[in-house]
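First up is the structure itself, then whatever we jot down about it.
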Amino acid sequence: MPPVSRLGRQIAEVTSALAAIDAPFALIGGLALAAHKVVRATQDVDLLVDADKADAIETRLLSLGYRCLHRSEDAGNYVRGHERLDLLYSRRPIARLLLSEANTLDTAFGSLRVIGAEGLIGFKLQALVNDPSRTQDLEDIRALLRANRASLDLERVREYFRIFDREPLLDELLQDSR
């Protein structure tokens, strides 16, 4: 059996802790890209979790030695040594739907619930709108569109761009991905 990476151990420990408190979660962010045919380096773990479990999740993470860097009703950022864990809390209807629709996929870190490509594009778009300097999110969207064009629900993707008044950007990205 090959050695498990630091990231692999972190994911196993965190997902086991979440399962122990019955907290639904799905992989998002850079690590979720690989499940959708896009590979890039990342050093942190990003999860979408049930907002109703935020207090229990924080208690569990603190017991594992994590320190809270920031917590709001929308997100929590935790660190333990060189390990970073970023949580998005699914409290809005769209995020709750995305969490409920996450599929269990085989990943480099084992079988994990992973958000769908459309939802991942939506979250990447939201991050880009919130902070336009996050150019990696734009590149991730572009790569997801290229790699998954044939299987994406483009109307759903368009709805995410419509929410953020960015439909012309989607048209440009779709043109580029042909």
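Some observations on this one:
- The chain - accessible surface per residue (Å², probe 1.4 Å): 52 Å²
- Most mobile listed residue (91, 149, 40) in the chain, GNM with C-alpha springs under 10 Å: 40
- The chain: angle of helix 154-163 to the longest principal axis, Cα-based, in degrees nearest 10: 80 degrees
- Summed side-chain charge close to residue 19 - residues other than residue 19 whose Cβ falls under 15 Å, Lys, Arg +1, Asp, Glu -1: 0
- The angle between the Cα long axis of helix 167-176 and the main principal axis of the chain comes to about 80°, on a 0 to 90 degree scale.
- Residues considered: 127, 20, 51. Largest GNM mean-square fluctuation over the chain, using C-alpha springs under 10 Å, is found at 20.
- Normalised by the number of residues in region 51-178, the mean separation of alpha-carbon contacts (under 8 Å, six or more apart) gives a relative contact order of 13 percent.
- Nonpolar atom fraction for region 120-178, defined as the carbon and sulfur part of the 1.4 Å probe accessible area, stands at 46 percent.
- For the chain, the longest principal axis of the C-alpha atoms and the axis of helix 117-130 are separated by about 90°.
- Given charges at beta-carbon only (K, R positive; D, E negative), |dipole| of the chain in Debye: 400 debye
- Taking all protein chains together and rolling a 1.4 Å probe, residue 124 ends up with roughly 10 Å² accessible.
- 4 °C / 1.567 mPa s Stokes-Einstein diffusion coefficient of the chain, Kirkwood radius on C-alpha pairs, µm²/s: 77 µm²/s
- Of all the options 47, 64, 145, the one that moves most in a Gaussian network model of the chain with Cα springs shorter than 10 angstrom is 64.
- Length gained on full extension, residue 154 to residue 130, computed as 0.36 nm times the residue gap minus the Cα-Cα distance: 6.4 nm.
The values are calculated or read from the model by the stated rules, or taken from the named source; none is laboratory data. Here the structure is a predicted model, which is why all the values come from computation and not from measurement. Neighbour counts are summed over all protein chains in view; Cβ atoms, including those assigned to glycine, are modelled from backbone coordinates with ideal geometry. Note: areas computed on protein heavy atoms with side chains; ligands, DNA, RNA excluded. Shrake-Rupley method; radii C 1.70, N 1.55, O 1.52, S 1.80 Å.
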